[in-house]
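The values are calculated or read from the model by the stated rules, or taken from the named source; none is laboratory data. All figures in this text were calculated on a predicted structure; none of them were measured in a lab. Counting neighbours? That spans all protein chains shown, and the Cβs are built from the backbone with ideal geometry, glycine included.
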Amino acid sequence: MQDKIRRFRHNIYISGFGVVILGFWNVVKTILIMTAGTDLNYNPEDYTATERFFINIFIVLIILVVSGLFFSIHLYIGTNAMKVGKGERRKRRFLVACVILIIISLSNIPSYFATMAEPATWDTIFAAIFVDLTLVVCLGDILYSNRKIKKLSERKR
């Protein structure tokens with residue numbers, strides 16, 4: 001029984017590390033979408049140099065805030081999962097964030113299909129879908145392994 005608990009703790013640790021890595025990928029993806037993939041209807045020639053400067057600063061700040069928010073959620077879940085995997089942490093509040101991130105990740109997948117107009121972008125879209133599904137699997141493994149550890153620990157007592 002102790003071996004199973006150890007195996008599930010290892011699963012939580014590895015999945016938590018995966019959530020952190022995929023969080024970094026999510027930041028990169030967000031920056032690329034917001035800078036290269038989105039038409040902001042922003043024509044620089046319509047503005048003075050000072051206005052362009054402030055508009056560009058505003059856009060960069062939005063990108064940084066959104067990216068930081070995404071990464072902080074992934075980092076919170078991943079680091080707490082790794083602590084649980086090591087046996088250092090007993091609080092399980094991060095599991096609520098885990099469920100919320102699963103819901104957000106699954107709800108984002110249909111939006112990828114709306115952008116599949118050009119066959120040239122299909123490979124990128126399928127890669128993004130694959131990464132999001134990988135994140136859902138990692139988060140699901142954290143939830144499942146945490147539940148199994150709880151049941152095995154109760155049975156052991």
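All of 33, 21, 63 fail the test of being under 18 Å from the mean Cα position of the chain (by Cα), assigned to a helix (DSSP H, G or I), modelled with pLDDT of 90 or more and not charged (D, E, K, R), apart from 21. Whenever a residue of the stretch 106-119 is within 20 Å of residue 139 (Cα to Cα), its partners that are surrounded by 10 or more Cβ atoms within 10 Å (Cβ to Cβ), lying with C-beta atoms within less than 7 angstrom and at least six residues away or across chains, give the pairs 106/136; 108/132; 109/129; 109/132. Whether a residue is closer than 20 Å to residue 18 by Cβ and of a type in the set (Lys, Arg) was assessed, and residue 52 does not pass this test. Does at least one position in the stretch 128-136 carry a residue that is of a type in the set (D, E, K, R) and either surrounded by 12 or more Cβ atoms within 10 Å (Cβ to Cβ) or touching a strand residue (DSSP E or B) at 6+ places or on another chain (Cβ under 7 Å) (or both)? There is at least one residue in the stretch 128-136 that is of a type in the set (D, E, K, R) and either surrounded by 12 or more Cβ atoms within 10 Å (Cβ to Cβ) or touching a strand residue (DSSP E or B) at 6+ places or on another chain (Cβ under 7 Å) (or both). As a summary of the residue check, residue 92 satisfies the conditions (1) assigned to a helix (DSSP H, G or I); (2) touching a helix residue (DSSP H, G or I) at 6+ places or on another chain (Cβ under 8 Å); (3) farther than 14 Å from residue 26 by Cα except for the one numbered (1).
Against the test of being touching an Asp or Glu at 6+ places or on another chain (Cβ under 8 Å) and surrounded by 12 or more Cβ atoms within 10 Å (Cβ to Cβ), the options 80, 56, 108, 146 yield a single qualifying residue, 108. Being of a type in the set (Val, Ile, Thr) and modelled with pLDDT of 85 or more is a description that applies to residue 109.
Note on the stretch 89-99: residues that are more than 17 Å from residue 18 (Cα to Cα) and modelled with pLDDT of 85 or more total 2.
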